[in-house]
There are 2 protein chains.
Amino acid sequence: MTAPTTPVRQASVRAHNLALVLHTVANGADRPSRAAVAAATGLTRATVSALVDDLVAGGLLVEVAPPPRTGAGRPAVGLALTSTGPAGLGLEINVDYLAACVVDLTGTVRHRYVEHADQRPADPERSLAALGGLAARARGAAEADGLTVTGAALAVPGLVTDGLVRVAPNLGWQDVDAVAALRAVPELADLPVTVDNEANLAALGELGATGGNPTFLYVSGEVGIGAGLVLSGELYRGVRGWSGEIGHVTVYPDGRPCRCGARGCLEQYAGQEALEHDVPLAAAALGIALSVVVNLLDVPVIVLGGAYVPVFAALREGIGVELRRRVLTAGLAPVELRSAELGADAAMRGAADTVLRVVREDPAAWLRRGA
Amino acid sequence: MTAPTTPVRQASVRAHNLALVLHTVANGADRPSRAAVAAATGLTRATVSALVDDLVAGGLLVEVAPPPRTGAGRPAVGLALTSTGPAGLGLEINVDYLAACVVDLTGTVRHRYVEHADQRPADPERSLAALGGLAARARGAAEADGLTVTGAALAVPGLVTDGLVRVAPNLGWQDVDAVAALRAVPELADLPVTVDNEANLAALGELGATGGNPTFLYVSGEVGIGAGLVLSGELYRGVRGWSGEIGHVTVYPDGRPCRCGARGCLEQYAGQEALEHDVPLAAAALGIALSVVVNLLDVPVIVLGGAYVPVFAALREGIGVELRRRVLTAGLAPVELRSAELGADAAMRGAADTVLRVVREDPAAWLRRGA
DNA sequence: GGGGATTTGTTTAGTGGTTGAATTATTTGA
DNA sequence: TCAAATAATTCAACCACTAAACAAATCCCC
């Protein structure tokens with residue numbers, strides 16, 4: 001049972017319907033009129049007018065020329081998301097680069113900075129200071145464009161709980177308070193900052209990019225292997241935020257010893273190192289692990305990212321063989337296997353998107369803030 | 001993003017708050033007063049009074065003597081769920097028995113009928129006719145008690161999609177319209193009837209029984225092995241309803257051939273037949289498969305049901321060894337491994353609960369009906 | 001080229017549901 | 001016996017939505 005725990009009042013109705021209208025303009029027809037939004041949502045035109053007026057006044061929607069139309073009637077006024085409203089700052093720190101980007105409400109990447117440099121010799125403070133500089137530059141550029149950066153999110157290749165990076169083996173980090181380090185940069189001090197696992201955020205990035213199927217598994221091949229599971233458009237993090245550890249899924253119970261202490265973990269067969277030595281082996285191991293996921297969760301789409309993107313063509317068939325053999329329902333509907341569309345930018349884009357998601361899901365809060 | 005797709009109006013506010021009050025009375029303090037409900041929910045006492053009056057008039061709540069209290073003040077009136085309101089009819093058909101039960105809003109099993117008989121020689125029509133008779137008797141007895149049976153749900157050991165039993169290997173069924181067969185019984189003709197997989201419903205039964213952790217995996221050992229995954233109190237069915245096929249999860253990639261065509265499926269090592277021959281093998285295989293689930297989904301609790309219940313003590317340690325070895329976060333928090341509390345009744349109870357869930361989640365619909 | 005048809009968007013009265021403050025009800029304790 | 005305390009109800013105010021009428025702007029056809 002979905003446990004209802006919060007009361008609902010009139011203000012909640014408005015908040016919900018504001019989000020509904022915003023969502024309809026964003027994901028529905030192209031530059032819809034108020035009347036079209038009313039028809040699509042089931043609200044009356046009067047209500048939609050009032051809601052739209054609020055959203056326009058609050059700087060989330062703009063009135064634009066509508067798409068051409070034939071037939072009689074008063075011409076419509078088109079509606080679209082602003083490109084001069086709230087923006088999300090997406091950050092990423094990885095083994096060999098730092099990156100920052102600013103994405104506006106329309107999903108356009110407005111600024112993008114990447115700094116290639118091996119982060120491993122540096123200590124966390126140093127890497128985070130450099131990233132902070134990049135972030136400050138990106139924010140400055142965005143605000144010069146009239147954007148309001150409402151928050152930042154950082155993607156790291158490691159385990160994150162309670163806002164702390166518990167362990168990021170490939171960076172050599174342990175218990176790093178990345179949020180505090182970033183907020184120590186004066187230009188970012190007032191900004192809400194969050195951290196999350198790279199695979200989780202990359203999954204959200206792909207979700208936004210494809211706009212298609214809202215249920216899929218994103219598998220990110222790096223030194224280790226991480227996964228982000230998106231169910232019905234929501235990232236599933238697990239009860240304690242420890243989901244997605246596909247790298248340590250058992251593939252061959254008595255196989256190669258893994259650094260985690262177990263044997264036969266996927267990582268030993270399809271991690272970056274193994275991938276460089278034996279692609280068919282990696283494909284078979286991935287296929288076995290993915291078949292398990294599909295049998296358990298009925299996930300119709302799997303997206304491969306990170307180090308798998310350049311070798312996707314070579315992996316595809318080997319994975320497909322195992323999926324067809326081992327997925328019980330493979331005969332009823334084949335599993336779709338795709339390469340990530342955003343490539344290396346997926347995590348950073350997903351990070352920026354988490355910031356904007358807050359605005360999209362609760363535009364009323366943004367309107368209050370502006371007032 | 002949770003895509004908002006439906007408009008909200010004042011009536012939805014009332015519907016939500018009615019559900020909120022009902023939920024608070026059901027799952028909150030013992031026999032709370034209106035004032036206590038107001039404090040627990042955040043609604044005002046005026047609003048709670050109005051909502052409670054509706055629920056009492058509609059026959060979902062009753063006023064009862066409150067729990068003893070000390071101190072000054074006007075004495076409270078306690079609130080509790082009725083035991084003479086809506087009731088759910090839970091049905092189960094399995095290899096060697098038919099069963100029906102009636103559960104009231106408080107969760108009490110009011111009537112229970114079990115008929116032991118091997119269903120395999122019989123054809124589906126015959127089994128369903130017999131079950132229909134049992135169901136009709138149960139409904140009659142319930143209504144003689146003043147209960148209103150609002151629907152029925154049937155648990156079957158097979159794959160169900162779109163309300164049809166596609167295949168139930170152990171019963172020898174294929175493409176059976178069980179709903180139609182049950183509704184052909186005159187005493188059930190007016191009743192909404194649903195069918196679902198046995199493991200799914202058993203998982204929901206356990207959810208209701210424990211009331212504890214709302215995220216767990218229920219594994220049902222029968223001839224085959226099924227699983228019901230409950231995430232945050234919701235059964236996760238998968239995009240097409242094909243989730244939970246843990247029996248065909250690969251445990252030993254080059255292992256025993258399975259009737260599904262693949263090799264090394266869990267079912268070959270921990271299905272009922274294997275279980276009778278080699279308990280340690282079953283435990284190890286289960287441990288491997290369950291470690292995969294925990295690594296992927298961060299599920300903190302696993303409940304073993306069906307044929308695993310009688311041998312749980314013998315399985316426990318063998319499974320635990322693999323979990324401790326293979327779950328990456330086992331050191332941070334151990335995985336809780338439990339035996340099903342409802343035993344063989346879990347599926348039937350869960351089925352009855354799905355009927356009542358409708359009333360609990362949308363009491364407003366029930367009130368409209370009564371009016 | 002003028003008038004009706006058509007569609008968009010706004011205005012206005014009405015309804016439903018919640019809030020908050022005042023009121024009534026009923027007990028304990030000094 | 002009366003003040004304090006707690007429970008529950010009443011009532012005016014408010015807010016957001018609906019429905020229907022109205023105003024605005026265009027097309028189309030004779």
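When the criteria are applied in full, A:V223 fails the requirement of being under 30 Å from B:L296 (Cα atoms), crowded, with 23+ Cβ neighbours inside 10 Å and touching a Gly at 6+ places or on another chain (Cβ under 9 Å).
If the requirement is being farther than 28 Å from B:G238 by Cα and part of a loop (DSSP other than H, G, I, E, B), which of these qualifies: A:V309, A:V239, A:V299, A:V223?
A:V223
The residues in the range A:26-38 that are part of a loop (DSSP other than H, G, I, E, B), away from DNA strand C (no atom under 11 Å from the Cβ) and either over 27 Å from the mean Cα position of the chain (by Cα) or within 14 Å of chain B (Cβ to nearest Cβ) (or both) can be counted, and the count is 1. Among residues of the range A:14-28 that are closer than 9 Å to A:L51 by Cβ and near DNA strand D (Cβ under 9 Å from one of its atoms), those with a Cβ under 7 angstrom from a residue that is modelled with pLDDT of 95 or more and not in a helix (DSSP H, G or I), sequence gap 6+ or separate chain, pair up as A:N17/A:L43.
Test A:V62 against the stated conditions and say whether it is assigned by TED's automatic domain parsing to the domain that holds A:W173, among the β-branched types (V, I, T) and surrounded by 15 or more Cβ atoms within 10 Å (Cβ to Cβ). When the stated conditions are applied, A:V62 does not pass them.
Taking (1) within 11 Å of DNA strand D (Cβ to nearest atom); (2) of a type in the set (A, V, I, L, M); (3) surrounded by fewer than 15 Cβ atoms within 10 Å (Cβ to Cβ) in turn, B:A36 satisfies each apart from (3). Kindly evaluate B:D54 against the criterion of being surrounded by fewer than 23 Cβ atoms within 10 Å (Cβ to Cβ) and either within 14 Å of chain A (Cβ to nearest Cβ) or within 16 Å of DNA strand C (Cβ to nearest atom) (or both). Yes; evaluated as a whole, the condition is true for this residue.
Annotation note: Cβ proximity below 8 Å between a residue of the range A:248-261 that is within 17 Å of A:L290 (Cβ to Cβ) and within 9 Å of another protein chain (Cβ to nearest Cβ) and a residue that is among the basic types (K, R) and surrounded by 14 or more Cβ atoms within 10 Å (Cβ to Cβ) (sequence gap 6+ or interchain) occurs for A:H248/B:R326; A:T250/A:R263; A:T250/B:R326; A:Y252/A:R263. Among all positions in the range A:90-101, there is no residue which is at positive phi and either modelled with pLDDT of 95 or more or of a type in the set (F, W, Y) (or both). Annotation for the range B:80-87: at least one member residue is away from DNA strand D (no atom under 13 Å from the Cβ), in contact (Cβ under 8 Å) with a residue 24 or more places away in the chain and within 30 Å of B:P124 (Cα to Cα). If you go through the range B:362-370 one residue at a time, do you hit one that is in contact (Cβ under 8 Å) with a residue 60 or more places away in the chain, surrounded by fewer than 24 Cβ atoms within 10 Å (Cβ to Cβ), part of a loop (DSSP other than H, G, I, E, B) and assigned by TED's automatic domain parsing to the domain that holds B:G107? Looking through the range B:362-370, at least one residue is in contact (Cβ under 8 Å) with a residue 60 or more places away in the chain, surrounded by fewer than 24 Cβ atoms within 10 Å (Cβ to Cβ), part of a loop (DSSP other than H, G, I, E, B) and assigned by TED's automatic domain parsing to the domain that holds B:G107.
Report yes if A:R259 is more than 24 Å from the chain's Cα centre (by Cα), of a type in the set (K, R) and in a loop (DSSP other than H, G, I, E, B), otherwise no. The answer is yes for A:R259. Residue count for the range A:39-63, restricted to those that are without any contact (Cβ under 8 Å) to a residue 40 or more places away in the chain, part of a helix (DSSP H, G or I) and closer than 30 Å to B:T47 by Cβ: 8. Would you check if A:G247 is modelled with pLDDT of 95 or more, in the same structural domain as A:R326 (by TED's automatic domain parsing) and in contact with an Asp or Glu (Cβ under 9 Å, 6 or more places away or on another chain)? Here the answer is yes, as A:G247 does meet what is asked. For the range B:106-135, residues that are farther than 20 Å from B:A346 by Cβ, touching a Phe, Trp or Tyr at 6+ places or on another chain (Cβ under 8 Å) and touching a residue at least 40 places away in the same chain (Cβ under 8 Å) total 1.
Restricting attention to the range A:274-294, the residues that are touching a residue at least 40 places away in the same chain (Cβ under 8 Å) and more than 9 Å from chain B (Cβ to nearest Cβ) add up to 3. Checked against (1) within 19 Å of A:G233 (Cα to Cα); (2) within 13 Å of DNA strand D (Cβ to nearest atom); (3) surrounded by fewer than 23 Cβ atoms within 10 Å (Cβ to Cβ), A:T41 meets all criteria but (1).
Entry remark, the range B:207-220: residues being touching a helix residue (DSSP H, G or I) at 6+ places or on another chain (Cβ under 9 Å), small (G, A, S) and either within 10 Å of chain A (Cβ to nearest Cβ) or outside any strand (DSSP E or B) (or both) number 3 in total.
Restricting attention to the range B:313-335, the residues being away from chain A (no Cβ under 13 Å) and of a type in the set (K, R) number 1.
Per-residue answers, yes or no, for (1) of a type outside the set (V, I, T); (2) more than 9 Å from chain A (Cβ to nearest Cβ):
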position: B:V8; (1), (2): no, no
position: B:S12; (1), (2): yes, no
position: B:A46; (1), (2): yes, yes
position: B:A50; (1), (2): yes, yes
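If you filter the range A:226-240 down to residues that are at the interface with chain B (Cβ under 8 Å from one of its Cβ atoms) and surrounded by 17 or more Cβ atoms within 10 Å (Cβ to Cβ), you find that the one that is farthest from A:G208 (Cα to Cα) is A:V239.
The values are calculated or read from the model by the stated rules, or taken from the named source; none is laboratory data. The structure displayed is predicted, hence computed values, not measured ones. Every residue, glycine as well, gets a Cβ built from its backbone with ideal geometry; the counts of neighbours run over all protein chains shown.
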